[in-house]
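Visitor: Mind having a look at this structure? Questions to follow.
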Amino acid sequence: MNAIAHDEQNRRSGGSMLWIALRVSILFIVLCGIVYPLVSTGLAQLLFPHQANGSLLKDKEGRVIGSELIGQSFADPRYFQGRVSSIDYKAEASGSNNYAPSNPDMLARTKESIAQWQKDNPDVPLDRLPIALITNSGSGLDPHITPQSALVQVPRISKLTGVPAAELESLVSAYTENRDLGIFGDKRVNVLKLNLALNEKLGL
Amino acid sequence: MDLLQIVIVIGILVLIARPLGHYVYHVFSNESNRTDRLFGWAEKPIYALIGLKHRAGMGWKRYALSFIVTNFVLVAVSYVLLRAQSGLPLNPNGIGNMEPTLVLNTVISFITNTNLQHYSGETGLSYFSQMAVIMMMMFTSAATGFSVAVAFVRGITSKGKTLGNFFEDFVKAHTRIFFPLAILVTLALVALQVPQTLDPTLSVTTLGGAAQQIAIGPVASLESIKHLGTNGGGFFGANSAHPFENPNGLTNVIEILSMWALPAALPFMYGRFAKSRKHGWVIFSAMMTLFLVFLVVSYTAEKSGNPALNALGIDASQGSMEGKEVRFGIAQSALFTTVTTAATTGTVNNMHDTLTPLGGLVPLGEMMLNVVFGGKGVGLVNMLMYAMLAVFICGLMVGRTPEFLGRKIEPREMKLIAIAILAHPFIILAPTAIAFLTELGKGSITNPGFHGISQVLYEYTSSAANNGSGFEGLADNTPFWNITTGLVMFFGRYISMIALLAVAGSLARKQWVPETIGTFRTDNALFTFLLIGTVLLIGALTFLPVIVLGPVAEHLTIR
């Protein structure tokens, strides 16, 4: 009798455990999956609307021309160019080829980039070409290049646009962003912002 | 400057880990304290809603059953939501339903805190799925891991038969740790330019006159819990390398500290439970020592670059930049990689497939050891398991019954620990071998040569360690990979959790052995050293052959 009562009690509390498990799951699906993200969105839109909507950049006519965080492809050689992107800066997706360091395709792609670079920039010795400019970024959307990568493009752009090299160099240094808080990350140049400024200089 | 920024981040971590550990102790100690006044009001209605009337302690079996049933319900609901996402609200980009094996893989991946992703967020998930499935499981799986770790620590440190109440732990992990921190980090990230919106993909005309579609969404709210919960699944395919997920050096540091702080705090919480803060320091120092070794290898390998590219006559002084972002450079990339696989988060801010061979060995090695800080609770529990093993080995050497925290370690515990320790290499190496034997597995390798071995090995190691990062070149969205990695993630999580809860349950029932002059001390530098030795010994014995075949061989071919 005792044993049966014990069993019964066990089963009943087992039942209540399942019931609690079910209720706790449903409640936390609502709290974590619906309440939390909606409250976050509300607060973000209220406090930081510009950032929350993708840090969009406008040209001087007020047209949205992209996000300052998302790189763009610049085919025109008069513009500063960004890094290699296997997805050609198509920002509806992201990623890269994930080439291993030993992958022959990666080596072939890099050699091709170097050949193209030498054709477009005959005045710059090869040993000044920074590695960042001819490698694929992780996201395929890297909006930045290193300051050095911008400076080595100056002779080409100067020749094609007629803007004196010194002026372009000072433009690059004006658009060189420091490390965050002066410490974290690397120095970088936002290609889209730089080209926007170049555009204004050229009066395009 | 590289060195300085790394040292500062580690310095901040060391400063916050201890107070945070003490805070977590207060949350779970079940003694009245100040955190009750702050959060008690929010918990009362939650307990009422879930029908938890008295929060009685549970034995290990009941505790295990509670968390398994809860996880099962979460998985079942999530499965339905993903299969039906096209018809659910908040789908402005018109995303279709997910294919069944991919759904299976995804729900296991997120409930096990792995966050291996065989889909790409931009094209695979609606905003509703990102919220109600992905973010939800990021919270609940982290809270589950945390609760189990706390139960384990209670078992090995306290007298009594119970390990605590799972539902109470689960609720408190949310209300007192994850919710407040997640809201805080979300807002900080938005302020630093991470988007948070329900608007659909943006269409713009670029400066060059081309059309560009920019995927966007509620990114920041996912980003914060992704790191705090050591989850790691990205909103976008490129994960934290995507400029919207991680726009600058400062967000990178916030994300690193978010995923690192809680795992690093847990040893100190354990020290408080064990009423011996020195024990906390032993575990923390062992973890930190291993971490620093890995970090040095990672940074030097990436900084010295890829010899194949360095030979092309360009200016390669910056290091290996393939697959990395300019804003992070080598320092913030190497640090992120080392932390993400230490804390078993699996978020990436650079592509691990593109790492130099020795640089890629670092994440692989950390996931194989699975004790260098470790994900939500798991790392601490694994490290304690190794501590018991170290005590056992030392006991054998001097011919004394091994004791840990005043309890005898006997055959029953050692058998369970052996299961937990051996399950890990088994579920990595066996499927790796199977994948190589079949065309289904081999066909997905995208990088030729020895790197192909690393790709497959990495996928299963990451699944078993519940890390979730990938050598993403692997074409892994096929039924073969979805199902095999799904199983590996499942066993990787639940076998060790259950075995270790059983260890805790068995230790909790034991008589305490009084400490004497002959007791082997487990709270000093010697023991830290022995612990590191045990971890490395087991790791090397199991994994060295396959490491030689993968990363080491690749290194020798391009050197």
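The values are calculated or read from the model by the stated rules, or taken from the named source; none is laboratory data. Predicted model only: the values in this text are computed from it and were never measured. No Cβ is skipped: glycine too gets one built from the backbone with ideal geometry, and neighbour counts run over all protein chains shown.
Visitor: Only one of these is buried (at least 24 other Cβ atoms within 10 Å of the Cβ), more than 8 Å from chain A (Cβ to nearest Cβ) and not in a loop (DSSP other than H, G, I, E, B): B:Glu245, B:Glu255. Name it. Don't jump to the end; show me each part of the working.
Guide: On the way: B:Glu245 fails: not in a loop (DSSP other than H, G, I, E, B).
Step by step, each of B:Glu245, B:Glu255 is checked, and only B:Glu255 is buried (at least 24 other Cβ atoms within 10 Å of the Cβ), more than 8 Å from chain A (Cβ to nearest Cβ) and not in a loop (DSSP other than H, G, I, E, B).
Visitor: To continue, here is another question. Can you tell me which of (1) at pLDDT below 95; (2) over 24 Å from B:Asn165 (Cβ atoms); (3) facing another protein chain (nearest Cβ under 7 Å) is the one A:Trp19 doesn't meet?
Guide: Just one mismatch for A:Trp19, condition (2).
Visitor: Still on this structure, I have one more. Just a yes or no: is a residue in the range A:104-122 in a loop (DSSP other than H, G, I, E, B) and within 7 Å of chain B (Cβ to nearest Cβ)?
Guide: There is no residue in the range A:104-122 that is in a loop (DSSP other than H, G, I, E, B) and within 7 Å of chain B (Cβ to nearest Cβ).
Visitor: Can you find even one residue in the range B:458-476 that is more than 20 Å from B:Thr337 (Cβ to Cβ) and either of a type in the set (A, V, I, L, M) or free of Cβ contacts under 8 Å to residues at least 60 places away in the same chain (or both)?
Guide: yes
Visitor: In the range A:142-173, how many residues are free of Cβ contacts under 8 Å to residues at least 24 places away in the same chain, within 21 Å of A:Leu126 (Cα to Cα) and either outside the structural domain of A:Ser85 (by TED's automatic domain parsing) or outside any helix (DSSP H, G or I) (or both)?
Guide: Residues meeting the conditions: 0.
Visitor: Identify the residue in the range B:187-209 that is more than 7 Å from every other protein chain (Cβ to nearest Cβ) and over 24 Å from A:Tyr36 (Cα atoms) and, among all such residues, is surrounded by the most Cβ atoms within 10 Å (Cβ to Cβ).
Guide: By that ranking, first place goes to B:Ser203.
Visitor: With respect to B:Leu500, determine if the residue is surrounded by 16 or more Cβ atoms within 10 Å (Cβ to Cβ), within 16 Å of B:Met388 (Cβ to Cβ) and touching a strand residue (DSSP E or B) at 6+ places or on another chain (Cβ under 7 Å). Write out each step before concluding.
Guide: On the way: surrounded by 16 or more Cβ atoms within 10 Å (Cβ to Cβ): yes; within 16 Å of B:Met388 (Cβ to Cβ): yes; touching a strand residue (DSSP E or B) at 6+ places or on another chain (Cβ under 7 Å): no.
Considered against the rule, which asks whether it is surrounded by 16 or more Cβ atoms within 10 Å (Cβ to Cβ), within 16 Å of B:Met388 (Cβ to Cβ) and touching a strand residue (DSSP E or B) at 6+ places or on another chain (Cβ under 7 Å), B:Leu500 comes out as no.
Visitor: Kindly provide the set of residues from the range B:213-235 that are surrounded by 24 or more Cβ atoms within 10 Å (Cβ to Cβ), facing another protein chain (nearest Cβ under 7 Å), over 19 Å from the mean Cα position of the chain (by Cα) and not aliphatic (A, V, I, L, M), ordered by number.
Guide: Hit for the range B:213-235 is B:Pro218, nothing else.
Visitor: Let me ask something additional. Go through (1) touching a His at 6+ places or on another chain (Cβ under 8 Å); (2) among the hydroxyl-bearing types (Ser, Thr, Tyr); (3) at the interface with another protein chain (Cβ under 10 Å from one of its Cβ atoms) and name the single condition B:Ser78 misses.
Guide: Result: B:Ser78 passes all but (1).
Visitor: Within the range A:158-204, can you find the residues that are touching a Lys or Arg at 6+ places or on another chain (Cβ under 8 Å) and charged (D, E, K, R)?
Guide: A:Glu167, A:Glu177, A:Arg179, A:Asp186, A:Lys187, A:Arg188, A:Glu200
Visitor: Another one. Return the total of residues in the range B:1-35 being farther than 19 Å from B:Ala261 by Cα and modelled with pLDDT of 95 or more.
Guide: Summing the residues that are farther than 19 Å from B:Ala261 by Cα and modelled with pLDDT of 95 or more in the range B:1-35 gives 1.
Visitor: Show the residue pairs that are 6+ apart or on different chains and have beta-carbon atoms under 8 Å apart, the first residue being within the range B:67-95 and at positive phi and assigned by TED's automatic domain parsing to the domain that holds B:Leu202, the second being among the small types (Gly, Ala, Ser) and assigned to a helix (DSSP H, G or I).
Guide: If the second residue must be among the small types (Gly, Ala, Ser) and assigned to a helix (DSSP H, G or I), the pairs left are B:Gly94/B:Ser86.
So that you can scan it fast, the table gives a plain yes or no per residue for (1) farther than 28 Å from B:His352 by Cα; (2) of a type in the set (A, V, I, L, M):
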| site | (1), (2) |
| --- | --- |
| B:Ala508 | yes, yes |
| B:Trp512 | yes, no |
| B:Gly518 | yes, no |
| B:Phe529 | yes, no |
| B:Ile538 | no, yes |
| B:Phe543 | no, no |
| B:Ile547 | no, yes |
| B:Pro551 | no, no |
| B:Leu556 | no, yes |
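Visitor: Check B:Asn382, B:Asn370, B:Asn349 and return the single one that is within 14 Å of chain A (Cβ to nearest Cβ) and touching a residue at least 12 places away in the same chain (Cβ under 8 Å). It would help to see each step written out before you state the result.
Guide: Details: B:Asn382 fails: within 14 Å of chain A (Cβ to nearest Cβ); B:Asn370 fails: within 14 Å of chain A (Cβ to nearest Cβ).
Only one candidate qualifies: B:Asn349.
Visitor: Please state which one of B:Ser333, B:Ser276, B:Ser320 is more than 8 Å from every other protein chain (Cβ to nearest Cβ) and either within 23 Å of the chain's Cα centre (by Cα) or modelled with pLDDT of 95 or more (or both). Step through it out loud before you land on a result.
Guide: Numbers: B:Ser276 fails: either within 23 Å of the chain's Cα centre (by Cα) or modelled with pLDDT of 95 or more (or both); B:Ser320 fails: more than 8 Å from every other protein chain (Cβ to nearest Cβ).
Residue meeting the stated conditions: B:Ser333.
Visitor: Here's something else I'd like to know. Tell me which helices (runs of 4 or more DSSP H) are completely within the range B:81-186 and hold 3 or more residues being buried (at least 24 other Cβ atoms within 10 Å of the Cβ) and of a type in the set (Ser, Thr, Tyr), or say none if there are none.
Guide: Qualifying helices (runs of 4 or more DSSP H): B:136-157.
Visitor: Right, something else. Those residues that are among the acidic types (Asp, Glu) and more than 17 Å from the chain's Cα centre (by Cα), I need them from the range B:347-368; list them, please.
Guide: Residues of the range B:347-368 among the acidic types (Asp, Glu): B:353, B:366.
Correct list: B:Asp353 only.
Visitor: What helices (runs of 4 or more DSSP H) completely inside the range B:418-520 contain at least 3 residues that are on the phi > 0 side of the Ramachandran plot? I'd like the intermediate steps shown before the answer.
Guide: Working: elements: B:439-442, B:450-464, B:479-508.
Here the list is empty.
Visitor: Please determine, by comparing only the residues of the range A:38-91 that are within 28 Å of A:Ala108 (Cβ to Cβ) and aromatic (Phe, Trp, Tyr), which one is surrounded by the fewest Cβ atoms within 10 Å (Cβ to Cβ).
Guide: By that ranking, first place goes to A:Phe74.
Visitor: Further question: Can you say whether B:Tyr494 is of a type in the set (Phe, Trp, Tyr) and farther than 30 Å from A:Pro104 by Cα, as far as the supplied structure shows? Quick ask: steps written out before the conclusion?
Guide: Numbers: of a type in the set (Phe, Trp, Tyr): yes; farther than 30 Å from A:Pro104 by Cα: yes.
For B:Tyr494, the condition - of a type in the set (Phe, Trp, Tyr) and farther than 30 Å from A:Pro104 by Cα - is met.
Visitor: So, of the residues in the range B:120-132 that are among the hydrophobic types (A, V, I, L, M, F, W, C) and more than 7 Å from chain A (Cβ to nearest Cβ), which turns out to be farthest from the chain's Cα centre (by Cα)?
Guide: Within the range B:120-132, the first condition is being among the hydrophobic types (A, V, I, L, M, F, W, C), and the residues that meet it are B:125, B:128, B:131-132.
Imposing the further condition that a residue be more than 7 Å from chain A (Cβ to nearest Cβ) reduces the set to B:125, B:128.
Details: B:Leu125: 23, B:Phe128: 24 Å.
Looking at residues that are among the hydrophobic types (A, V, I, L, M, F, W, C) and more than 7 Å from chain A (Cβ to nearest Cβ), I get B:Phe128.
Visitor: State which residue is farthest from B:Val513 (Cα to Cα) when the search covers only the range B:185-208 and only residues that are of a type in the set (A, V, I, L, M) and in contact (Cβ under 8 Å) with a residue 40 or more places away in the chain. I'd like the intermediate steps shown before the answer.
Guide: Kept after step one, since they are of a type in the set (A, V, I, L, M), are these residues of the range B:185-208: B:185, B:187-192, B:194, B:198, B:202, B:204, B:207.
In the following step, the residues that additionally are in contact (Cβ under 8 Å) with a residue 40 or more places away in the chain were identified as B:185, B:188-189, B:192, B:194, B:198.
On the way: B:Val185: 45, B:Ala188: 49, B:Leu189: 50, B:Leu192: 54, B:Val194: 54, B:Leu198: 59 Å.
Result: B:Leu198.
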